[in-house]
1. Based on the Cβ-Cβ distance from residue 82 to residue 142, what FRET efficiency comes out when R0 is 25 Å, to the nearest 0.05?
2. Under 12 Å from the 7 Å Cα→Cβ point of residue 126, by amide nitrogen: which residues of the stretch 149-170?
3. Taking the Cα centre of the chain as the origin and placing charges on Cβ (Lys, Arg +1; Asp, Glu -1), which of 52, 20, 91 is farthest toward the positive end of the dipole?
4. What's the longest bit of the chain with no exposed GluC sites (Glu not before Pro), using DSSP loop states and at most 13 other Cβ atoms within 10 Å as the test?
5. Grab the other residues whose beta carbon is less than 10 angstrom from that of residue 150, score K and R as +1, D and E as -1, and report the net.
6. In debye, nearest 20: dipole of the chain around its Cα centre with unit charges on the Cβ of K, R (+) and D, E (-)?
7. Tally Lys/Arg at +1 and Asp/Glu at -1 over every other residue whose Cβ is under 12 Å from the Cβ of residue 82; what's the total?
8. What nm value, rounded to one decimal, do you get for the distance between residue 166 and residue 17 when each label is placed 7 Å out toward the C-beta?
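Derivation of every value follows stated rules applied to the coordinates shown; laboratory data play no part. Values in this document were obtained by computation on a predicted structure and should not be read as measured data. Note that we place each Cβ from the backbone using ideal geometry, even for glycine, and neighbour counts take in every protein chain shown.
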Amino acid sequence: MRAHRTSESGFTLVEVLVSLFIFSLLSAASLAVLTTTLQNRTRLGDKNAELQKQSMMRILLKSDFAQAIAHPKMDPYGIPETILFAGGNTGSERLLMLSRTGWENPGGLERRSDLQSVDYILEDDVLIRRVLPRFNALPDTEYIRQPLVKNVDKVEFSFYNGDDWSDNWVTGLPPLGVNELPRLASIDILYLNGKSIRQVFYVGANQ
């Protein structure tokens, strides 16, 4: 009687090694895809946040310029201000200073006017908008600070009078300034990474 030969089924060592090699390639590829996806998601989130901040900055600048007025005001010690609007090289930390109307006070709930004192400064590579809670501030009145965009290397304002552009503008009592506001204002922002943006706005409620 012929004996039947039986063989045990299974994987050889070579087959196991090949399987492990293929699995490692697939794992590495999957990890690379996942890492790239997460990095792209982070970059996209950062870009969206940057665009949102730039959009908010534009909205605020547009509103401030559009509502700007040359209105007399007092300094914190009750002395009349000689400068009502200034931008560009103002000789101080303030890149732009103005008075504006349109500060909403629904139902007159707060005992204040609808006027607001606003300025812009560059501090630690951050463009900051500052407002005072009182139009004619007291000595101990503190600014309300609103950081707008960061990683800023330089901010330059320029102003148009109907004929020419100027690097600075002062509206105030002669001989310190002129009587009227500029017609247009532009802001040029240079970032630390070399990128730049330029935006132009109408100035004054009559524009």
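1. On the way: r = 23 Å, r/R0 = 0.94.
The computed FRET efficiency comes out at 0.60.
2. From the stretch 149-170, the list is 149-152.
3. Result: 20.
4. Counting at most 13 other Cβ atoms within 10 Å as exposed, the longest clean stretch of the chain is 9-92.
5. Details: positive: 53; negative: 50, 124, 125.
Cβ neighbours under 10 Å give a net charge of -2.
6. 960 debye
7. Values: positive: 73; negative: 75, 81.
Spelling it out: positives minus negatives among the neighbours equals -1.
8. 8.4 nm
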